[in-house]
1. Looking at (1) at pLDDT below 95; (2) under 28 Å from Lys221 (Cβ atoms); (3) part of a helix (DSSP H, G or I), can you tell me which one Leu204 breaks?
2. When the residues of region 67-107 are narrowed to those that are acidic (Asp, Glu) and under 27 Å from Lys6 (Cβ atoms), which ends up modelled with the lowest pLDDT?
3. Just one of (1) under 21 Å from Arg149 (Cβ atoms); (2) surrounded by 13 or more Cβ atoms within 10 Å (Cβ to Cβ) trips up Lys197, so point out which.
4. Select, from Lys108, Lys101, Lys117, the only residue that is more than 25 Å from the chain's Cα centre (by Cα), in contact (Cβ under 8 Å) with a residue 40 or more places away in the chain and on the phi < 0 side of the Ramachandran plot.
5. Surrounded by 14 or more Cβ atoms within 10 Å (Cβ to Cβ), among the charged types (D, E, K, R) and assigned to a helix (DSSP H, G or I): is that true of Lys96 in this structure?
6. Please go through region 109-130 and pick out each residue that is among the hydrophobic types (A, V, I, L, M, F, W, C) and under 26 Å from Arg39 (Cβ atoms).
7. Identify the single condition in (1) modelled with pLDDT of 95 or more; (2) closer than 21 Å to Ser36 by Cα that Arg147 does not satisfy, given that it satisfies every other one.
8. Considering Asn87, Asn68, which residue is surrounded by 15 or more Cβ atoms within 10 Å (Cβ to Cβ) and farther than 23 Å from Ile11 by Cα?
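The values are calculated or read from the model by the stated rules, or taken from the named source; none is laboratory data. Just so you know, these numbers come straight off a predicted model, no measurement behind them. Don't worry about glycine lacking a Cβ; one is built from the backbone with ideal geometry, like all the others, and counts go over all protein chains shown.
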Amino acid sequence: MLKFKKRVREIAIKHSSLSGTINFKLQKKNLQFESSLERDFIYLLEFDKNVSQYIEQPTKISYIDASNKQKKYIPDFAVSYHDNTPNEIIEIKYEKTLSSKFDLLAKKFQAAEEYCKANNYNFRLITEKHIREKNNTQLSNYKFLSRHRDYFYDIETKKNVFHTSDSDLDQLHDKIIYLKKCTVRELVNSCSQDQDKRAELIFLTWYLVANNFIAIDFSKKINLDSVIWHNYPSNLE
């Protein structure tokens, strides 16, 4: 587990880069980012089943800059994992920023390495090559599913135009157990012949995928012909 309880700095709105917040209602998180790259990394963290906890702007690290002045460096994220992977302090930077400001950043990163060594953390520098190139397909899938995952959290059902019931979710859940493996299209078609109802069931299927009740291969672009299967042995709660 992480020892950090809350971020040490609030990120102000910037005009020079994209900054803002992402609100993940189900996890009761209101996460701040100060670049679109940080925002995209948050999506990777949110859908990584091995991530147990993370926090942005986690701590202040003291260091001496090139002018021999004492400064404070705040890394972007601290992350812990369910497996034996050591806790990490993570800095997010664009490749071009690393290249153009290497001398300025080197002291910060050296201080982060020393801090991590003293606190049994790993320091990791992550760029767009990891976030947007290596994980491009997964990132696209996670962004798509994020709009479905928290949909039913704390909504005013009487004002909601999308009327659904637990029986719809139970039907999808029971059917995927019976079929074992099928496509999204096959699952929905096996549950209803009504076109309007099928549209609702497609949305609910993505809701179940986003919340890990139904499994899917995130390394491939997800669509109605993606293969899905039952993820948990227990019933929906």
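1. If we test Leu204 against (1) at pLDDT below 95; (2) under 28 Å from Lys221 (Cβ atoms); (3) part of a helix (DSSP H, G or I), just (1) comes out false.
2. Within region 67-107, the subset acidic (Asp, Glu) is 76, 83, 88, 91, 95, 103.
This time we only want the ones that are under 27 Å from Lys6 (Cβ atoms), so: 76, 83, 88, 91.
Working: Asp76: 96, Asp83: 93, Glu88: 97, Glu91: 98.
Among those that are acidic (Asp, Glu) and under 27 Å from Lys6 (Cβ atoms), it is Asp83.
3. Condition (1) is where Lys197 drops out.
4. On the way: Lys101 fails: in contact (Cβ under 8 Å) with a residue 40 or more places away in the chain; Lys117 fails: in contact (Cβ under 8 Å) with a residue 40 or more places away in the chain.
Only one candidate passes the filter, namely Lys108.
5. Values: surrounded by 14 or more Cβ atoms within 10 Å (Cβ to Cβ): no; among the charged types (D, E, K, R): yes; assigned to a helix (DSSP H, G or I): yes.
For Lys96, the condition - surrounded by 14 or more Cβ atoms within 10 Å (Cβ to Cβ), among the charged types (D, E, K, R) and assigned to a helix (DSSP H, G or I) - is not met.
6. Result: Phe109, Ala111, Ala112, Cys116, Phe123, Leu125, Ile126.
7. Of the numbered conditions (1) modelled with pLDDT of 95 or more; (2) closer than 21 Å to Ser36 by Cα, the odd one out for Arg147 is (1).
8. Values: Asn68 fails: surrounded by 15 or more Cβ atoms within 10 Å (Cβ to Cβ).
Going through Asn87, Asn68 in turn, the sole match is Asn87.
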